[in-house]
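Here the structure comes first, spelled out in structure tokens, and everything after it is commentary.
The values are calculated or read from the model by the stated rules, or taken from the named source; none is laboratory data. Since the model is a prediction, treat every value here as computed from it, not as a measurement. Every residue, glycine as well, gets a Cβ built from its backbone with ideal geometry; the counts of neighbours run over all protein chains shown.
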Amino acid sequence: MKNIVILISGRGSNMEAVIRAAQAEQWPARIAAVISSRSDAPGLAFAAAHGIGTAVVESKQYATRAEFDAVLQAEIDRHAPDLLVLAGFMRILTPPFVEHYAGRMLNIHPSLLPLFPGLSTHARALAAGVTEHGATVHFVTAELDHGPTVAQATVPVLPGDTVETLSARVLEQEHTLYPRAVRWFIEDRLTQLNGAVHVDHTTHH
């Protein structure tokens, strides 16, 4: 039974998708905790309603990133996580923190990486005139939005799209993509080799 800890900063709609999938599909895993960097994150109520323990490590209470990361790491490690899932966690993490969870921390990013790392991905995709956009699940490394890709989902960019319509179309895909990628990790289907991720698609019994 693997332990999953999910980090959020807001509503955490991807956290909701992962929790729903884990419970509906009866994964061989337990979601040990949902931890937020903000005490007012709406996602905390959802987690609690689903019987999952929650904690808050309020980022603004710490003078430095390193201090915050140290307290956060201590809180996470109380749950002995096999996997850390970032679901709209709006913090840049320090290299020692990332190193501590190397190979067991996933993030979802709303673009087809390596395109459009960072913020405002949908506006930038529209400005660039791309015909396809999407989301990427990747392992977290010290370089922002550059870790090895686990899975991607692609959506078309349609004439007349706005940031709102495009982001909604991408988010819908995220809610399928992220639980699938997390499940692959739980089922030991992911192997990293030379900076690339291999997914084992053979049938597991």
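Of the helices (runs of 4 or more DSSP H) contained entirely in the stretch 1-98, those carrying at least 1 residues that are touching a strand residue (DSSP E or B) at 6+ places or on another chain (Cβ under 8 Å) and in contact (Cβ under 8 Å) with a residue 60 or more places away in the chain fall at 13-24, 65-77.
Name the residue, out of V170, V197, that is aliphatic (A, V, I, L, M), more than 20 Å from V18 (Cα to Cα) and either part of a helix (DSSP H, G or I) or modelled with pLDDT of 95 or more (or both).
Going through V170, V197 in turn, the sole match is V197.
Here is the figure for the stretch 105-126: residues that are more than 20 Å from L44 (Cβ to Cβ), surrounded by 15 or more Cβ atoms within 10 Å (Cβ to Cβ) and either touching a Leu at 6+ places or on another chain (Cβ under 7 Å) or not β-branched (V, I, T) (or both) total 14.
Scoring I31 on the criteria (1) surrounded by 14 or more Cβ atoms within 10 Å (Cβ to Cβ); (2) at pLDDT 95 or above; (3) out of contact with any helix residue (DSSP H, G or I) (no Cβ under 8 Å at 6 or more places or on another chain) leaves a single failure, condition (3). Listed conditions (1) aliphatic (A, V, I, L, M); (2) without any contact (Cβ under 8 Å) to a residue 24 or more places away in the chain; (3) touching a His at 6+ places or on another chain (Cβ under 7 Å) are all met by A128, apart from (3). Of everything in the stretch 181-205 that's β-branched (V, I, T) and surrounded by fewer than 17 Cβ atoms within 10 Å (Cβ to Cβ), which residue is nearest to A135 (Cα to Cα)? For the stretch 181-205, the residue satisfying everything is V199.
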